[in-house]
1. Which parts of the stretch B:73-112, residue by residue, lose 20 Å² or more of accessible area when the rest of the protein chains are there, as against the chain isolated (1.4 Å probe)?
2. Quick one: of the DSSP bridges fully inside the protein assembly as shown, what percent are antiparallel, nearest 5?
3. What number comes out for the charge environment of A:Gln242, summing +1 per Lys or Arg and -1 per Asp or Glu over other residues with Cβ under 10 Å away?
4. With +1 on the Cβ of every Lys and Arg and -1 on the Cβ of every Asp and Glu, and nothing else charged, how large is the dipole of the stretch A:414-540 about its Cα centre, in debye rounded to the nearest 20?
5. Taking K and R as +1 and D and E as -1, what net charge do the other residues with C-beta under 12 Å from the C-beta of A:Val397 add up to?
6. If we count every other residue with Cβ under 15 angstrom of A:Asp233's Cβ, Lys/Arg +1 and Asp/Glu -1, where does the sum land?
7. At q = 0.18 Å⁻¹, what log₁₀ I(q)/I(0) does the stretch A:358-469 have when each alpha carbon counts as one equal point scatterer in the Debye sum?
8. Taking each residue of A:436-444 in turn, how many C-beta atoms of other protein chains fall within 10 Å of its C-beta, and what is the average?
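The values are calculated or read from the model by the stated rules, or taken from the named source; none is laboratory data. This is a predicted model, so every value here is computed, not measured. Cβ: placed from backbone, ideal geometry, glycine included. Neighbour counts: every protein chain shown. These accessible areas exclude ligands, DNA and RNA; they are computed on the full protein's heavy atoms, side chains included. Shrake-Rupley method; radii C 1.70, N 1.55, O 1.52, S 1.80 Å.
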Amino acid sequence: MTVQIEGRDDLPGAKTPAATRRPRFRAPWWLWAAAVVILIPVLVPIAGLFVRVLAASDSAWNTLFSPRTAELIARSALLVTAVTASALAIGVAAAWLGVRTALRWSNVWGVLVAMPLVIPSYVIALSYLAASGPRGLIADATGIGLPVLTGFPGAWLALTLATYPYVFLITAASLRRIDPAFEEAAAGLGAGGWRAFRTVTLPQLRPAMGTAALLVGLYTLSDFGSVSLMRYDVFTRVIYSQYSGRLDRTPAAVLSMVLILIALLLIIGEERTRGRATYYSRRPNRAPTHRPLRPTARAGAYAFLGSLVVLGVLLPVGVLIAWVVRGLEAGESIRIDWAAVGGSIVASTLAALIAMAAAVPIAVLTVRYAGRSTRWLQRSVYVTFSLPHIAVALAVVFFAVNFLGPLYQSLALLVVVYAAIFLAQATGSAEAALRQVNPSLEEASRSLGRSALATLTSITIPLIWKGLLAGGALVFLTTMKELPVTLILRPTGFDTLAIRVWSAADELFYARAAASALVLLLVAAVPMYFLAIRNREYVS
Amino acid sequence: MTAIHCHDIDRAFGGIKALEGFELSVPSGSIVSLVGPSGSGKTTALRIIAGFDLPDRGSVTIGDRTVVGNGTNIPPERRRVGMVFQDYALFPHMTVGANIGYGVDGADCEERTRSVLELVGLTGLANRMPHELSGGEQQRVALARALAPEPDVVLLDEPFSNLDAPQREKMRRDVRRILKEAGATAVFVTHDQSEALSVADVVAVMREGRVVQTGPPHVVYATPKDPWVASFLGDSVLVDGTAAVGQVETALGSFPHRGGDTGPVEVMIRPEWIHPYPEPGGPAVVVDREFYGHDQMLLIELSTGQRVQSRIGPRPILEPGDRVSLGVDEFVVFPTNARA
């Protein structure tokens, strides 16, 4: 015979995992319609491009298998590899110095080192072209005639400076999440300094570095502005010259398809490796510690970070200013081209507004109705963003010429394509904002008698407004800097600052190019200010 | 009249069954508490009634309308169900007044907002923003907002769990008063048995996706259906016994037995039903005492070596080692297979 005293703590009851508590409702059809419609103007033409190439004549296929194509692939691969390697090395080193060592003003360094992000790669290229060479600024100032920095070294330098900030930002964020106790444990086991970094920290950084490497690789593969100014023949430059210089556009189509396929391979490869990588995203449970550096090492660190700021920001901007001054002194007529300023602002604003509008249904679907089909939607948005823009623009041209008669070379088509391509930036911050909105707010609205659509407009959108705006600012900024899509799709007579910079630089009118570039940087500073100062939390 | 009727509802998430054969009837104008341990499906049931989730099977009727089941599924906005969320879900970008008026159409919005604000005792706070309010005030606004459109039923999901203990006691009383004054039919979900017993007219005890016992709080407390319900709804002492015709023998003595079953049984006794009487040389001995002020809990060892709890008033003061004899004034007999 037993006597039991039962407490209430040991009661049975299986806990339902929160993740499986998802409502099973289908998203309203209009939400899907609104989400997909923005992608159609880009995805359908890409499909059309493939059909066109596959149905092309033998001569087109000959282009594909010509030694020239193989050479292009080799050159693109060389540039992508070189830029990725140098950007990774610089970005990771800067991130480690900024996050893990006891440097003075590390916050200021963080902002300064990331600054080249604001400067379009073709502006960096322009500034190095204008600084080097026998007629360049350096020769002018010092009397030492440097060879012109063109071709592979020029493209490599410009693209490395344009892309290492991505590596820096991504790996610094990841480093902050890695508990410094790991490195200290390694030091306690006798592995100090470099060995601890290489054997303990670096492996944990690998997922972040993989993401960053993909970003840099795709950027380099897609970049048109700097390689064309540096006259280094990779895919994008050759596609453009084939397109603009020939009556038969099939070779351009074939090369575009190859470029898209290479980019897809990169994206898929990264997705695969990410699936296998282990993430160590444990938040450190204490304040970060900073490793003190020996005086010589500290001097080296300051010199390294300082040279990045000089090469990536001060020198390019300084060169631009110097060229404008030089041009004015030489009596060149340099004036602000208000038509181009207006064109840039109008096109960027429209693109940002369209992207913001399209981001709402996409964010609601991916956050509130997460499932297999919404993952595909998210992936399409991301892939559209990652594909080389020049190839996408060509696909749209081919499609528009054949099927969209009056829309071809219209401002409407141009801004819709911008919005579709840069949509991922808008959806990213909209999704982040929506994740912070408790779904019970929307449920409360429904149970108080408002329909799904009324809830969207009176509750959801007001609550994610800041995030939407941040995404819009990002799209505005990217559109401002955009070059190849504008070159290919712009209406006749329509100009933007980016076009002005590029065409003036391409014709070696450096002073004029520099003036437009400075105006471009000034206009771009407005959304940058908004993003960096006002809405930091929504930018991932 | 039955205000809500849930019939034979199943709902599984992945492979996990949240509800299985869930049945619930809520009489019009009453407050029903749905109480059970976490994971017993309470919140799922509430969300299905409100229309935020769909059952795999079964139906829900509100008044004379089938809102889900038999091929219909009325969206939440047309169910006339007020919901009070665990985290209140007050719209952060709207004032208190705008929150409350959100579900009220047209001309009487302002008037209605004022009268519910008065009902919940927050007159004059209409222009505040939600984040400027205390937890208890937010709770009242959430309740006012749910009541404002005069819904057929009000659902409350763990309404007191975000309040600290002293506030909670007061809010329990206030919420009950407000719901009664509004004449509302209400279902509230809780895992706290004392909350369930003190606020509700009817308690529905849930376990593993179904309601295992329903009734007025005092009835369910005094005559639980099985040992599990007994121990979930309060402290209980379970002793093994042997039933014969008319009588059950236990270590605490023999009790009259009305049931027909004989053989081994379990006898459940609430600690407050056990009374120790100081008696030198008595058969039991006090082992430990927890003194709470308004009452005390004694741990008493029987002659057989088993220990039972006894809850008595602040007097008499019995010290560990004191010998006592025990009197028992109520008990419940369970067949031994009743333990699930």
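1. B:Pro76, B:Glu77, B:Val81, B:Phe85, B:Asp87, B:Ala89, B:Phe91, B:Pro92, B:His93, B:Tyr102, B:Gly103
2. Taking every DSSP beta bridge with both residues in the protein assembly as shown, the antiparallel ones total about 75 percent.
3. +2
4. Dipole size: approximately 240 debye.
5. Details: positive: A:Arg52, A:Arg249, A:Arg490; negative: none.
That sum, taken over residues with Cβ under 12 Å, equals +3.
6. Net charge in that neighbourhood comes out at +1.
7. Each listed q maps to, in turn, -0.92.
8. 6
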